[in-house]
1. Check off (1) free of Cβ contacts under 8 Å to residues at least 60 places away in the same chain; (2) surrounded by 13 or more Cβ atoms within 10 Å (Cβ to Cβ); (3) assigned by TED's automatic domain parsing to the domain that holds Ile30 for Val135 and give me the number that stays unchecked.
2. Here's a check for you: in the range 1-19, which residue that is surrounded by fewer than 16 Cβ atoms within 10 Å (Cβ to Cβ) and over 22 Å from Lys40 (Cβ atoms) is modelled with the lowest pLDDT?
3. Just to check your reading of the model, which residue among Gln63, Gln59, Gln12 is touching a Leu at 6+ places or on another chain (Cβ under 6 Å) and touching a residue at least 24 places away in the same chain (Cβ under 8 Å)?
4. Exactly one condition in (1) under 18 Å from the mean Cα position of the chain (by Cα); (2) in a helix (DSSP H, G or I) is not met by Gln55; state its number.
5. Quick one: in the range 37-56, which of the residues that are at pLDDT below 95 and small (Gly, Ala, Ser) is nearest to Leu86 (Cα to Cα)?
6. Quick one: Val70 ticks every box in (1) of a type outside the set (S, T, N, Q); (2) farther than 21 Å from Leu86 by Cα; (3) loosely packed, with under 15 Cβ neighbours inside 10 Å except a single one, so which number is it?
7. Tell me, yes or no, whether the range 4-18 has at least one residue that is under 29 Å from Ala129 (Cβ atoms), assigned to a helix (DSSP H, G or I) and under 19 Å from the mean Cα position of the chain (by Cα).
8. I'd like the residue in the range 20-45 that is part of a strand (DSSP E or B) and surrounded by fewer than 16 Cβ atoms within 10 Å (Cβ to Cβ) and, out of all such residues, is nearest to the chain's Cα centre (by Cα).
Amino acid sequence: MRHILSVLVNNQPRVLARVASLIGQRNYNIESISVGESEKEGLSRMIIITGGDHQTLEQVRKQLEKLIDVIKVEHLEKEKTVERELLLIKVEATSAVRAEIFGIVEPFRASIVDVSPQSLTIQVTGEPAKLEAMVELLRPYGIIEIARTGAIALERGLNKVKATV
């Protein structure tokens, strides 16, 4: 089962390494991890996507809470979460197929961010399933390169508990 953890941490060196190491020691695969500044100065928010059963996930959550630099750990429920990801995808695109590719890009509300004589670079944001659909539709044209940010997520509505520092 896929799980989303939101982890509020002190913005200090080696915190990411300690968190990732702890999850790896529990034999969990990190599907995605994104880290950035949070709404509180000096704190960062990690969004970790992983798989596993609820019991093991609860053990990992408790272990994370024991780390000194971890302020708060939340398990975000899919139905109560806004999740987005950014994808940059470079595809082969001669002048003969560009109109077709533009036709794919438009319904996804994606944008062309770079044009060269033989390729297009497309930017698309949204839920991971939307990005996967875009990749599959562009695959026949020849994918040159893909870069993804990893998912970011926030709980819908007001947070239950505000972090205090």
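The values are calculated or read from the model by the stated rules, or taken from the named source; none is laboratory data. Because the structure is predicted, anything quoted here is derived from the model rather than measured. Quick reminder, even Gly has a Cβ in these numbers, built from the backbone with ideal geometry, and neighbours come from all protein chains shown.
1. Of the numbered conditions (1) free of Cβ contacts under 8 Å to residues at least 60 places away in the same chain; (2) surrounded by 13 or more Cβ atoms within 10 Å (Cβ to Cβ); (3) assigned by TED's automatic domain parsing to the domain that holds Ile30, the odd one out for Val135 is (3).
2. Met1
3. On the way: Gln59 fails: touching a Leu at 6+ places or on another chain (Cβ under 6 Å); Gln12 fails: touching a Leu at 6+ places or on another chain (Cβ under 6 Å).
None of the other options fit; the residue is Gln63.
4. Looking at each condition in turn, Gln55 falls short on (1).
5. Ser38
6. Result: Val70 fails condition (3) only.
7. Within the range 4-18, the subset under 29 Å from Ala129 (Cβ atoms) is 4-9, 16.
Add one more test, that the residue is assigned to a helix (DSSP H, G or I), and what stays is 16.
Restricting the remaining residues to those that are under 19 Å from the mean Cα position of the chain (by Cα) gives 16.
Scanning the range 4-18, I find at least one residue that is under 29 Å from Ala129 (Cβ atoms), assigned to a helix (DSSP H, G or I) and under 19 Å from the mean Cα position of the chain (by Cα), so the answer is yes.
8. Looking at residues that are part of a strand (DSSP E or B) and surrounded by fewer than 16 Cβ atoms within 10 Å (Cβ to Cβ), I get Glu31.
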